[in-house]
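Engineer: Here's a structure for you.
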Amino acid sequence: MYHRFICTLFSFLCFGLTSNAQEDSTRFFVETGGVAATSQHTPFWLRSNQFGSVPLSNPFVFVKTGAQAFIGTKPRKAQLHLQGEIIANVGRTSSVILPVASATFRHRQFEAYVGRRKEFFGLGDTLLSSGSYAWSGNALPIPKVHIGTRGFVSVPFTKDILAFHATFSHGWFGRQDSVRNYYLHQKSFHGRIGKPTWKVNFFLGLLHYVQWGGTPVHPIQGVLTDGKYPSSFKDYLYLTIAKSPEGTSYSEFETFNQIGNHLGSIDLAFSYKQSHWDVLLYHQHPYEDKSGLAFTNFPDGLYGLRLKNAKANTGRGLHISQVTLEYLTTLDKGNSMNPDLRNRYEPDPYFRHAQYTTDWTYNHFIIGTPFFTRYFDMNPALIAPAYVNKLTRGYYVANNSVELFHAGLEGTIGQVTRFSTRISYSNNFPEYFKDVFAKANQFSYLATFIFPWKKYGLETKATIAFDYGQLFDKNLGMMFSVKKKLF
């Protein structure tokens with residue numbers, strides 16, 4: 001059934017080219033390559049923020065193919081956008097992955113889609129970032145039904161001085177290691193002050209995610225309602241507005257807390273445009289409950305600066321197109337809050353949950369920042385044996401106490417050769433380290449060079465990455481790929 005669906009999708013996408021050639025456009029590409037490293041673990045920056053498509057172990061070779069079709073391209077008319085992408089990885093562990101399979105209906109400033117789509121959420125950089133705090137593009141996209149605006153929409157009667165961007169989604173986690181058949185609730189709202197043509201704009205937003213419903217694989221006493229987690233429409237309304245449920249049919253866990261695993265971020269940003277550089281300053285403040293919303297965990301969060309070169313590339317020598325600098329800290333968690341507040345608030349266990357013990361992950365990849373580390377990815381010599389036993393049916397996220405310094409750079413050499421690099425240094429303080437380790441330092445690096453061959457319609461990519469530190473194996477890896485755009 002899976003292979004039949006893929007064949008049907010790609011046949012439909014290609015058929016869209018001939019159904020109405022004047023209004024429709026279809027694109028199709030094929031890419032093949034391979035990855036090898038000195039350790040069996042794939043280097044951090046080769047696998048992170050790749051939408052769950054890169055295996056955690058190597059060596060492997062891959063073939064990736066994708067297509068998309070646009071049905072209706074007139075600006076103010078309805079449009080249907082079909083996308084599909086499939087990746088086959090063959091190596092130490094082989095897999096076939098479908099990271100993109102979606103149908104999107106668009107009309108003017110609004111859209112709705114069903115399926116999987118590569119997405120980033122949160123105010124900040126998406127090109128060279130370490131990853132947005134709560135939803136970074138690190139995991140395989142979750143299948144969803146989604147409605148929302150297409151970018152920022154002007155508030156009526158404000159002459160575009162005020163604008164908003166909003167989304168609302170329902171998704172399916174399916175069966176994961178800890179819970180079967182549970183759901184995702186997702187919504188976001190961001191506002192903008194200032195016209196797009198102004199030099200200065202201010203942004204403010206809120207992102208809210210909930211894991212909810214489903215049946216636990218290993219039932220936990222005291223956190224169940226009739227052998228499963230609440231999943232009725234009434235329960236959905238409670239979790240949508242983040243209200244604790246009322247009534248005697250709920251477990252003590254749900255009445256004391258809320259239905260499901262809630263998390264998200266409060267986003268702030270400031271942009272400034274000038275003749276040489278476009279500047280974006282941003283902050284994503286994490287929350288898991290009311291304590292985070294009250295900023296009792298300050299200064300935790302992601303802080304970033306993005307500089308985009310406003311000058312065009314002359315094609316001579318080195319041209320820097322973008323620089324990104326970021327700092328992430330999650331060391332406080334609300335533990336330093338005023339004692340008077342402890343009667344009302346609890347510290348935040350970022351990405352971890354007593355019911356959904358595979359935590360904020362999907363198909364073994366962390367959904368949010370990749371600098372929160374799973375036990376399976378860490379140097380096993382660091383972990384206390386008691387925690388290994390706990391993980392036989394327990395928490396995936398072993399490290400959610402991180403201080404990160406990150407830099408990214410992108411540009412061109414000459415007229416056509418593009419390059420990018422990422423440099424990350426982190427201090428890590430997992431709760432379950434052996435006593436002899438107070439922290440683990442980690443340095444990860446990546447450099448990518450892309451060489452287009454326009455005469456043949458080809459694009460070659462060469463990437464080198466290495467890890468050095470205590471958290472991961474010392475590792476040097478390379479990736480090489482060739483991409484062909486067929487039409």
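Engineer: Among (1) modelled with pLDDT under 95; (2) under 26 Å from F189 (Cβ atoms); (3) not aromatic (F, W, Y), there is one condition R116 misses while meeting the rest; what is its number?
Structural biologist: That leaves (1) as the condition not met.
Engineer: OK, next. Can you tell me how many residues in region 44-92 are at pLDDT 95 or above, of a type in the set (A, V, I, L, M), assigned to a loop (DSSP other than H, G, I, E, B) and surrounded by fewer than 17 Cβ atoms within 10 Å (Cβ to Cβ)?
Structural biologist: Matching residues across region 44-92 total 0.
Engineer: Can I ask one more? Return the total of residues in region 232-254 being of a type outside the set (A, V, I, L, M, F, W, C), within 28 Å of the chain's Cα centre (by Cα), surrounded by fewer than 12 Cβ atoms within 10 Å (Cβ to Cβ) and part of a helix (DSSP H, G or I).
Structural biologist: 0
Engineer: Related question: What are the residues in region 93-110 that are assigned to a loop (DSSP other than H, G, I, E, B) and under 27 Å from G34 (Cα atoms), if any?
Structural biologist: Selection gives T93, S94.
Engineer: Out of all the residues in region 256-280, which are small (G, A, S) and in a strand (DSSP E or B)?
Structural biologist: G264, S265, A269, S271
Engineer: Now a separate question. Out of Y345, Y350, Y387, Y356, I need the residue that is modelled with pLDDT under 80 and either on the phi > 0 side of the Ramachandran plot or in a loop (DSSP other than H, G, I, E, B) (or both). Which one?
Structural biologist: When all the criteria are applied, what remains is Y345.
Engineer: Oh, and also: From the set of residues in region 359-384 that are assigned to a loop (DSSP other than H, G, I, E, B) and under 19 Å from V217 (Cα atoms), which is modelled with the highest pLDDT?
Structural biologist: Per the criteria, the residue is W360.
Engineer: Please count how many residues of region 134-164 are out of contact with any strand residue (DSSP E or B) (no Cβ under 8 Å at 6 or more places or on another chain) and surrounded by fewer than 19 Cβ atoms within 10 Å (Cβ to Cβ).
Structural biologist: 4
Engineer: For region 265-307, how many residues are crowded, with 19+ Cβ neighbours inside 10 Å and farther than 30 Å from T240 by Cβ?
Structural biologist: Going through region 265-307 one residue at a time, the tally reaches 3.
Engineer: Considering only residues that are assigned to a strand (DSSP E or B) and surrounded by 19 or more Cβ atoms within 10 Å (Cβ to Cβ), look in region 210-224 and name the one that is modelled with the lowest pLDDT. Spell out how you get there, then give the answer.
Structural biologist: Let us first name the residues in region 210-224 that are assigned to a strand (DSSP E or B), namely 210-212, 215-216.
Keeping just the survivors that are surrounded by 19 or more Cβ atoms within 10 Å (Cβ to Cβ) gives 210-212, 216.
Numbers: V210: 96, Q211: 96, W212: 94, P216: 90.
Out of the qualifying residues, it is P216.
Engineer: For region 365-381, name all the residues that are under 24 Å from S265 (Cβ atoms), surrounded by fewer than 23 Cβ atoms within 10 Å (Cβ to Cβ) and out of contact with any Leu (no Cβ under 8 Å at 6 or more places or on another chain).
Structural biologist: R374
Engineer: Now for a separate question. Scan region 156-189 for residues that are free of Cβ contacts under 8 Å to residues at least 60 places away in the same chain, under 16 Å from K228 (Cα atoms) and assigned to a loop (DSSP other than H, G, I, E, B) and report the count.
Structural biologist: Matching residues across region 156-189 total 2.
Engineer: Mind listing whichever residues of region 281-304 are of a type outside the set (D, E), out of contact with any helix residue (DSSP H, G or I) (no Cβ under 7 Å at 6 or more places or on another chain) and assigned to a loop (DSSP other than H, G, I, E, B)? Can you show your working first?
Structural biologist: Within region 281-304, the first condition is being of a type outside the set (D, E), and the residues that meet it are 281-287, 290-299, 301-304.
Then keep just the ones that are out of contact with any helix residue (DSSP H, G or I) (no Cβ under 7 Å at 6 or more places or on another chain); that gives 281-285, 290-295, 298-299, 301-304.
Matches in region 281-304: A294, F295, F298, P299.
Engineer: Another question about this same structure. Quick one: which of F437, F429, F449 is among the aromatic types (F, W, Y) and modelled with pLDDT of 95 or more?
Structural biologist: Only one candidate qualifies: F449.
Residues are listed down the side, and each one gets a yes or a no for (1) over 18 Å from the mean Cα position of the chain (by Cα); (2) modelled with pLDDT under 95; (3) under 27 Å from P347 (Cα atoms):
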site	(1), (2), (3)
V279	yes, no, no
S291	yes, yes, yes
F298	yes, yes, yes
L305	yes, no, no
N313	yes, yes, no
L318	yes, yes, no
V323	yes, no, no
E326	no, no, yes
K333	yes, yes, yes
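Engineer: Restricting attention to region 98-112, does a residue exist that is under 30 Å from L404 (Cβ atoms) and aromatic (F, W, Y)?
Structural biologist: Scanning region 98-112 turns up no residue that is under 30 Å from L404 (Cβ atoms) and aromatic (F, W, Y).
Engineer: Still on this structure, please answer the following. May I ask you to say which residue of E111, E119 is of a type in the set (D, E) and within 19 Å of the chain's Cα centre (by Cα)? Show your work before the answer.
Structural biologist: Numbers: E111 fails: within 19 Å of the chain's Cα centre (by Cα).
Matching residue, one of E111, E119: E119.
Engineer: Consider R27 against the criteria (1) part of a loop (DSSP other than H, G, I, E, B); (2) in contact (Cβ under 8 Å) with a residue 12 or more places away in the chain; (3) surrounded by fewer than 16 Cβ atoms within 10 Å (Cβ to Cβ); (4) not hydrophobic (A, V, I, L, M, F, W, C): it satisfies all of them except one. Which criterion is unmet?
Structural biologist: (1)
Engineer: While we're on this one: Of all the residues that make up region 284-316, how many are closer than 14 Å to A134 by Cα and of a type in the set (G, A, S)?
Structural biologist: 2
Engineer: Quick check on T296: is it closer than 26 Å to F372 by Cα and either aliphatic (A, V, I, L, M) or touching an Asp or Glu at 6+ places or on another chain (Cβ under 9 Å) (or both)?
Structural biologist: Spelling it out, T296 is indeed closer than 26 Å to F372 by Cα and either aliphatic (A, V, I, L, M) or touching an Asp or Glu at 6+ places or on another chain (Cβ under 9 Å) (or both).
The values are calculated or read from the model by the stated rules, or taken from the named source; none is laboratory data. Only a predicted model underlies this, so the values are computations on that prediction, with no experimental measurement involved. For neighbour counting, all protein chains shown are included, and Cβ atoms are generated from backbone atoms with ideal geometry for every residue, glycine included.
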